[in-house]
Every structure is written in C-alpha cells, then in structure tokens.
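So the structure is just underneath, and the comments pick up after that.
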Amino acid sequence: MAEKEIKSIDPATVEMIEKAASEGVSIAFERAGKMTACPIGAEGSCCSICAMGPCRVPLPRGKEETPEEKKKRRGVCGATAETIAARNFVRKIAAGTASHGDHGREVAKVFLEVARGEAPGFEIKDEQKLLQLALDLGVNIGNRSNKEIAIDVGEILMKEFGKQEGELLMLKRAPIKRQEIWRKLGVAPRGVDREVAEAMHRTHMGCDQDYQDLLLHGARAALADGWGGSMIATELQDILFGTPSPVASQINLGVLKEDEVNIIIHGHEPYMAEMIAVVAQDPELIAYAKSKGAKGINLAGMCCTANEILMRHGVPIAGNFLQQELAIVTGAVEAMVVDVQCIMQGLVEVARCYHTKVITTDRRAKIEGATHIEFDEHKAVESAKAVIRAAIDNFPNRGDKVRIPSYKTDIIAGFSHETINYLLGGLFRASYRPLNDNIINGRIRGVAGVVGCSNARVTHDDVHVTLVKELIKNDVLVVETGCAAMACGKAGLLVPEAAAQYAGAGLASVCEAVGIPPVLHLGACIDNSRILMAATAMVKDGGLGDDLSDLPVAGAAPEWMSEKAIAIGQYFVSSGVFTVFGVTWPTTGSKAVTDYLFKDMESMYGGMWAFEPDPMKIAKLMIDHIDKKRKALGIDKARERVLYDMAMRRELESV
Ligand code: CUV
Ligand code: SF4
C-alpha cells in the first residue's frame, strides 16, 4: 500500500504528529509508513498454525487463476486456501469474543462481589435495570432485597460463560424469528467460553477442514459475543455504575490542561476508571496536587474506557485509538493509566522521551518498562488513590517540551437504548413508536450503526466522518460506539446543532423536534449490544417487519483494525444486519470464503458482509440496502408525512 499523503483530518493529531517528528519520537503514524503490510497475511492466505509451515498460499497477482493453479494452492498438509482463510477468520472471531467475554466475566465477578458486600466503594446504582434484568432471567423478585436479587443475577450470568449445554439466556431477547433461524442453523451459542474453546479446537491443525462448517461455528462464537459477553458487560455495568443518560462534554487533546495534573485513563474495563473519576474529586488529593504546584487534577479518557466514563460522568475524552501516543507527545500527561485491550506497546517508548508514567493496572496486561500498580476491587479506593498520587508526584518532572493543541469540540453523549426510548417516546409513554413512525413516513430513511477503531493504514478519522456526513445528509439516523463516535465527535457531529448543518431535511426535522444530534453516541465497543437491543425494540414496536433482517438498517466499521471488530461484524451479520468493513478484507485470498461471507450468508441469516474502503461508496452500499428493505416493507413511497390510523398500522404490522 502506498503511503498516504494525509495522515489525519484532525488538526490536533496533525499538530502532534509534527511535534513528534521534530522531537525524533517514533509513533504509529510514522511506523505505518515504514512497515509495509504483508499482502499474503492481509488476504488471509498465510497459515502458521503448525510447524510444517508457515505456509503461504496467495492468490496469483495480476491474472486470473487457472483451475490447475488453484489445485496447487495448498499448504504442506494439503490445506486449501479456503480452509486457511476460514480458519484465520474464525480465529479472529475467537480472539474478539474472548476479549469481550473476559471483560464481561470480570464485570460479573466485580458485580457479584459488590452484591455480596465484598467490594466497598462500589454500589448498585440502577435498581430499575437490575429488576428488569432479573425478570428477563427469571429471577424471583417477590419482596426480596435488591442485594439478594443481585446475587442471583450475578450467579446466573457468571454461569453463562462456562455453560456446556443449552443456550445463552440473552438470546431470548432477540425477535422470535431470529431465534428460530439460529436454532435451525445450529448456531445458537452455549456458554461464551465453550464457543471460544471450540473455535480454537476446530481451527487447530488437521481438525475442521470444511470452510462452510468453520464459518458456521464462527457465527456461533460471534453470537456468544454480541448476545453474551458484550451484552452481559453492558447490562451489569449499567446496573453497577448507572445507565447513561445524555451528558455534555468535550473531546480532543485540547481537553488537557497546562496547569493541572493530567491523568489519562485508557483501555476498556470501567471499574478502575469509575473509582479514579470519583476519587479525583477528593479534597485531600486535590490539596496534594496543589502542594506540588498544580492547580488541580484533570482526568481525560482514551479509547473505550473514555467512552465509559464519558457516558456516565461526562469526563472529557483526549482522543481515539491513534491519538494515544500523541497524548504523551503533548508533554503534559503525568500518567497514562491503562488496563486491557488496544494499548499500544509504543506508549512506553514515547513516554521515555517525556516525563509521562505509563501505569498498567490489570493482572492480565503488563508492559515491559511500565509501572505496575494493580487494581484490587476489594480495595478500590486505595488502588485509585495510589494511581492518582503517582501521577501527582510526577507533576514536578514536566519538561520544557509541553505543547497542548488548542483543539477541543463540544459533544453530547450518553444515549443508552433506554434513553432513546424516553427521548423519542416521552417519559410517560416511552417507546420506539415515534422512531418507527418517522421511518415509516420517510422522514428518517433508516438507521446506520457506524462503529469500530481507527487504523494507521487509512487517513485517520476521514473515513468515519465522510461516511457519516453522507449518511445523515441522506436522512439516515446514525448510532455510534467506540473510536468511530470519537472521530465524529471531534468533527462536531455529536451536537444537536449538527442536524441543521449536516442532516437532510427529514432527519433534521425529527432531531430538532426531539433535541437530539443526528449522530447518537451509544458508548464503548461492548455497547454495540445496545444497538442489538435498540434494533430489537424497533422490531417489537411493529410496522417494520418481524425480524432484525427486515429493518431498514445497516452497519459499518470503516476504519477497523482489531480482532474484536471482526467478532462484532460477524454477530451483526449473523443477527441479520448488512455490515460493511473498510481498510482491508481478511479473506480475499479465497473467493469461496469471501463469497460465503458476502453472498451466501444473506440467504442463511438475512444479513451479509461487504468490503469497501471508499467512504462515499460505503454510504451508497448502506443506503441502497436501506432502500431495498424499505421497498420490501412497502414503505419506499412513503416519503411524505402520512398520518396512519390504527387500521393502516395494523395492516403494516401484519406485513
Ligand atoms: Ni473497544 S477496539 S480501537 S478502543 S474501537 Fe477503538 Fe474501542 Fe477499536 Fe479499540
Ligand atoms: Fe501449513 Fe497445514 Fe501446518 Fe497450516 S496446518 S502451517 S497449511 S502444514
């Protein structure tokens, strides 16, 4: 891939890339230019699962492959390009599901400890949601205490990870028709860990060698993420820390403060971050910061942890994935506190050039050269204080290389699927009815989920922002999570005023009436489960078909990079959603595997993958799909406002 000319559309990022270059600091943006991506690995044609390999079976370049050549494209064991590409793909799903699952399990563990009173400092914040979840899980409520109910809920959900038989309980939340499809195909997942372990076994040397069978299990493992690990994490975090509601904040490196102790919380699991957000307001610690010459303590988030504490506390965000090293390049960060996932090892090298302390806090993720202060949920307050004190102690060590870019943008976040319900339906008749009605009458054309990472192989933030602007211009309401939401936040799309400026007339009129932005921030990557719940609520409210695959919706991860993104994409597709990925596609080495994912899955699941790096073309693919679904629902002509009476509504619902 040729080196792209523009590395980012975000001026703060560009400014810090230049600062890093002038100070001789190596960062991902610069290394991506030097490290050519391996074309054989990129297309999924490299197998390294046994020591007779690694075997490379790439597609011949620049010409059609003859059947003779295709026959010879095999590994030492005889594995075909199909098997190799499918195995690689399924292993990515397994890694992604394992990551979200391990996050969910850790939350369940802390949740149980809180319920049992073993984790002082934490408490159950959303009792309403606890009771709702208890009902869903069949837990007896009666006149039992919340504590007793929470213990039951925690124990039941903990068992969802290792369950050997039966189905994940959360599958029952999906539309009935969807559940039937999963059962018919044999992909309704058992325990989360069970499916991950089986994925690893099936992809071991000489095990499952039928690419279709492999990909079927890929769907099963991915569904164990979306409707299992991720959904459990979201639900329990909401109960523990509060279900998000709309909150104003700011985003970009400009949220760092020249005269305060800057602490960046980076990673994925929110309990440590939650406690730091609380403890940072402790007058004793603020006084300690002042004793070291700082005016106060300034917290900012990075990556998905940022989304978690933004959604619930309004803590500002310093930046998305590709900005993590750049935050240190400002020279103004006293501590970069990390836990698990998406943490660049490059942080430690960059930190050597400044005064920043990189602090690892999780027993599962240590980095050579970093300071390890392990978070212990039994002593949460003390752990958080120790981290903050280490940051304060580092304030006097700031060098003379401090430069904080002035860029920061206002955002509104905190749209859980429950708040969408209230906002659109009103507090007393909370429902998705108004959203469905506005889709049926055509003011809103459809809904798009734009999610996922940033990737140094494409112009940072550009693909996200260009795609989303095109979608809202065409009256598609956009819901976002992860680094995608941050890209659009920096570009000014997460405020209500963006509706008048960027959205089509229909979408803008709805946003203005309700007072919401045209792009809704739903949280971290695990909160893609909120999108599943929102889509299910749309189906259940009626008028838009009776399965997720009937809805005029589409998904995209246009700058994806992590294995978690593949797991997410696969569970969306297996839930019936058309999903487009950008950057590069990891199975192009096998036409059969790619066709299966891009075409065959549609007849099986009603959803399918697509690959397209160009944001305008991604938008077209998504809008075409939305229009196709509108047509199938018979609402393609309804572009003007029509007032439906009950008879018409019933007729629509019976479609
Ligand atoms: Ni979990 S997975 S880079 S932080 S969205 Fe951001 Fe989100 Fe991808 Fe990682
Ligand atoms: Fe090569 Fe087969 Fe071993 Fe893979 S499993 S590395 S294709 S010999």
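The values are calculated or read from the model by the stated rules, or taken from the named source; none is laboratory data. These numbers were taken from a predicted model, which means no experiment stands behind them. Cβ atoms come from the backbone with ideal geometry, glycine included; neighbour counts cover every protein chain shown. These area figures cover heavy atoms from the full protein model, side chains too; ligands, DNA and RNA do not enter into them. Shrake-Rupley method; radii C 1.70, N 1.55, O 1.52, S 1.80 Å.
Accessible surface for region 81-241, divided over its residues, is 36 Å² per residue with a 1.4 Å probe.
What the phi angles of region 388-405 give under the Karplus curve with 6.51, -1.76 and 1.60, with θ = phi - 60°, is a coupling list of 5, 4, 4, 5, 4, 4, 8, 4, x, 8, 3, x, 9, 9, 7, 8, 9, x Hz, glycine and proline written as x.
Could you tell me the calculated FRET efficiency between S406 and E368, based on Cβ-Cβ distance and R0 = 30 angstrom, to the nearest 0.05?
Step by step, r from the Cβ atoms, then E = 0.30.
The phi-based Karplus calculation (6.51 cos²θ - 1.76 cosθ + 1.60; θ = phi - 60°) puts the 3J(HN,Hα) values of region 558-575 at x, 10, 4, 9, 8, 5, 4, 5, 5, 4, 4, x, 5, 6, 5, 4, 5, 8 Hz, whole numbers, x for Gly and Pro.
The length gained by stretching the chain between E30 and E284 to full extension, at 0.36 nm per residue less their Cα-Cα distance, is 87.3 nm. Estimated from the Cβ-Cβ distance and a Förster radius of 22 angstrom, the FRET efficiency linking E258 and K292 is about 0.90. Only one residue of A487, A534, A524 has its Cα farthest out toward the positive end of the dipole of region 466-560, where Lys and Arg carry +1 and Asp and Glu -1 on Cβ, and that residue is A487. Using the empirical formula 2.2 N^0.38 Å as the baseline, the Cα radius of gyration of region 118-158 reaches a ratio of 1.11.
Computed over region 1-66, the P(r) tail beyond 21 angstrom holds 49 percent of alpha carbon pairs.
Here the chain is treated with +1 on each Lys and Arg Cβ and -1 on each Asp and Glu Cβ, and its dipole about the Cα centre works out to around 940 debye.
For the chain, the fraction of C-alpha pairs farther apart than 47 angstrom is 13 percent.
Database remark: amide H of V580 closer than 5 angstrom to the amide H of G555, A556, A557, A610 (H placed geometrically; neighbours at sequence offset of 5 or more, or on other chains; Pro and chain starts carry no H). Stokes-Einstein diffusion for region 499-642, with the hydrodynamic radius set to the Kirkwood value over Cα pairs and evaluated at 10 °C in a medium of 1.306 mPa s, equals 97 µm²/s. Take region 415-633 with all the other protein chains still there, run a 1.4 Å probe, and you get 26 Å² of accessible area per residue. Using only Cα coordinates, the Kirkwood hydrodynamic radius of region 196-348 works out to 17.7 Å.
For region 160-166, the Karplus equation 6.51 cos²θ - 1.76 cosθ + 1.60, evaluated at θ = phi - 60°, returns couplings of 5, 7, x, 4, 8, 10, x Hz by residue, with Gly and Pro reported as x. Surface analysis of region 247-397 yields an accessible area of 31 Å² per residue, using protein heavy atoms and a 1.4 Å probe. At q = 0.13, 0.21 Å⁻¹ the log10 of I(q)/I(0) for region 547-593 amounts to -0.32, -0.77, computed by Debye summation with a single uniform scatterer per C-alpha, solvent ignored.
Ranking L131, L544 by solvent-accessible area of protein heavy atoms (1.4 Å probe, all protein chains present), from largest to smallest, gives L131, L544.
For the residue pairs K357/K401; K7/K34; K564/K617; K257/K385; K172/K599; K257/K401, the alpha carbons lie more than 18 Å apart in K564/K617; K257/K385; K172/K599. Highest mean packing comes first when the peptides 518-528, 183-193, 247-257 are listed by Cβ atoms within 10 Å, giving 518-528, 247-257, 183-193. Candidates I93, M35, S45 compared by Cα position along the dipole of region 23-106: farthest toward the positive end lies S45, with charges placed on Cβ. Net charge of the neighbourhood of P586, taken over other residues with C-beta under 12 Å away and scored Lys/Arg +1, Asp/Glu -1, is +1. The simple Förster model, with R0 at 22 Å and r as the Cβ-Cβ distance, assigns E180 and F598 a FRET efficiency of 0.35. Restricted to Cα atoms, region 511-578 shows a radius of gyration and a Dmax of 13.3, 39 angstrom.
Rounded to the nearest percent, how much of the accessible area of the chain (1.4 Å probe, protein heavy atoms only) is carbon and sulfur? Spell out each step's value before the answer.
Values: 12940 of 24180 Å².
Summing carbon and sulfur atoms, their accessible area is 54 percent of the total for the chain.
Accessible surface for M35 stands near 120 Å², nearest 10, in the context of the full protein assembly shown (1.4 Å probe). Each peptide among 46-55, 151-160, 490-499, 560-569 gets the average number of other Cβ atoms lying within 10 Å of its residues, and from highest to lowest they stand as 560-569, 490-499, 151-160, 46-55. Under the convention that each Lys and Arg Cβ holds +1 and each Asp and Glu Cβ holds -1, the size of the dipole of region 102-237 around its Cα centre is about 380 debye. Each Lys and Arg Cβ is given +1 and each Asp and Glu Cβ -1; about its Cα centre, region 415-633 then shows a dipole of about 200 debye. When each of the peptides 284-293, 58-67 is scored by how many other beta carbons lie within 10 Å of its residues on average, the order from highest to lowest is 284-293, 58-67. Remark on N298: its backbone amide H falls under 5 Å from those of V261, N262, I263, a criterion applied only to residues 5 or more positions apart or on other chains, H modelled at 1.01 Å from N. Once backbone amide H atoms are built at 1.01 Å from N, L256 has no partners under 5 Å, excluding neighbours fewer than 5 places away on the same chain.
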